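The values are calculated or read from the model by the stated rules, or taken from the named source; none is laboratory data. Treat the numbers as computed from the prediction; the structure is a model and nothing was measured. We place every Cβ from the backbone using ideal geometry, glycine too, and count neighbours over all the protein chains shown.
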Amino acid sequence: MIKYMRLEWRKLDRLNVWIELSIYFIIMMFLPTFFINVVLPEYGQSFTQAIELNSYIQMGIVLFGGSLINHVFIEQYKNKTMALSFGYPISRKTLFAAKIMFIAAAVFAASIISFILSGLSTYVINLFAPFIEGPLSTADVIQYAGTMLTRSLLITVISFVPLFLFGIWKRAVVPTIVCSIGSMQLPNFSSFLHVHPETVVAVLAVLGAVSLTASIATAEKLGEV
């Protein structure tokens, strides 16, 4: 399985992927500071609240997952390399599982790195130009570590929401990206739906898991070129 995951990495235009990731990381590093100073100053009342805000900001990595679905599935269908992949000595279900695991590993790693970079940058900026009230405690650090791990797992699963319908069945780039944007933004508009944002995140995670399951279960049928 690891061999096929590495093969998926070699198929990508790696320079463009690194450039895309760098853009995400740079934006995420400064978004918490921007939002607390300009948009939502109430989240600067404590590090606990700043951590909560950052957990929703990091949902932006879901868009990276949508981009990978485009590269790993849609583009390979369109440029006929998917047909070559079907010649591997493994079942299509296993092939799809390898592709999905590759995307999941990349999104999870990107989310962890983004959390670390944004946390460090927010802390350093706050040292020189304080905008978060109170000191950073050990409890805050532990909370941040726990939030980083759990949210990164949720982000990884949510990033697969468009996989089955738009990535494998319809093989449509624009709807895939639009669905990813909607998934990452929906928790921010939960107040208009009169539901708690974490409820929205949980529903999106369930949808992502269903999309994953359907993608592998129907690989033999919908995997046709």
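Structure values in brief
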quantity	calculated
Residue in the range 35-55 that is more than 25 Å from residue 202 (Cβ to Cβ), modelled with pLDDT under 95 and crowded, with 18+ Cβ neighbours inside 10 Å present	yes
Out of 83, 110, 105, sole residue that is in contact (Cβ under 8 Å) with a residue 12 or more places away in the chain, buried (at least 20 other Cβ atoms within 10 Å of the Cβ), aliphatic (A, V, I, L, M) and not in a loop (DSSP other than H, G, I, E, B)	110
Filter result (of a type in the set (Ser, Thr, Tyr) and more than 21 Å from the chain's Cα centre (by Cα)) within the range 91-146	91, 94, 123, 137, 138
Subset of the range 4-25 that is in contact with a helix residue (DSSP H, G or I) (Cβ under 9 Å, 6 or more places away or on another chain) and over 26 Å from residue 84 (Cβ atoms) - its residue that is surrounded by the most Cβ atoms within 10 Å (Cβ to Cβ)	24
Residue list for the range 22-64, restricted to those being among the hydrophobic types (A, V, I, L, M, F, W, C) and either under 16 Å from residue 183 (Cα atoms) or under 15 Å from the mean Cα position of the chain (by Cα) (or both)	23, 25, 27, 28, 57, 59, 61, 62, 63, 64
Criterion (touching a residue at least 40 places away in the same chain (Cβ under 8 Å), surrounded by fewer than 14 Cβ atoms within 10 Å (Cβ to Cβ) and not basic (Lys, Arg)) met by exactly one of 28, 1	1
Condition met for residue 20 (in a helix (DSSP H, G or I) and at pLDDT 90 or above)	yes
Residue within the range 129-141 that is without any contact (Cβ under 8 Å) to a residue 40 or more places away in the chain, polar (S, T, N, Q) and surrounded by 13 or more Cβ atoms within 10 Å (Cβ to Cβ) present	no
Per-region count, the range 153-185, residues surrounded by 18 or more Cβ atoms within 10 Å (Cβ to Cβ) and of a type outside the set (Val, Ile, Thr)	13
Test: residue 211 is in contact with a Phe, Trp or Tyr (Cβ under 8 Å, 6 or more places away or on another chain), over 17 Å from residue 62 (Cα atoms), of a type in the set (S, T, N, Q) and touching a residue at least 40 places away in the same chain (Cβ under 8 Å)	no
Test: residue 148 is in a helix (DSSP H, G or I), surrounded by 15 or more Cβ atoms within 10 Å (Cβ to Cβ), touching a residue at least 40 places away in the same chain (Cβ under 8 Å) and on the phi < 0 side of the Ramachandran plot	no
Complete set of residues in the range 123-145 that are among the hydrophobic types (A, V, I, L, M, F, W, C) and either more than 19 Å from residue 37 (Cβ to Cβ) or part of a loop (DSSP other than H, G, I, E, B) (or both)	129, 131, 132, 136, 139, 141, 142, 145
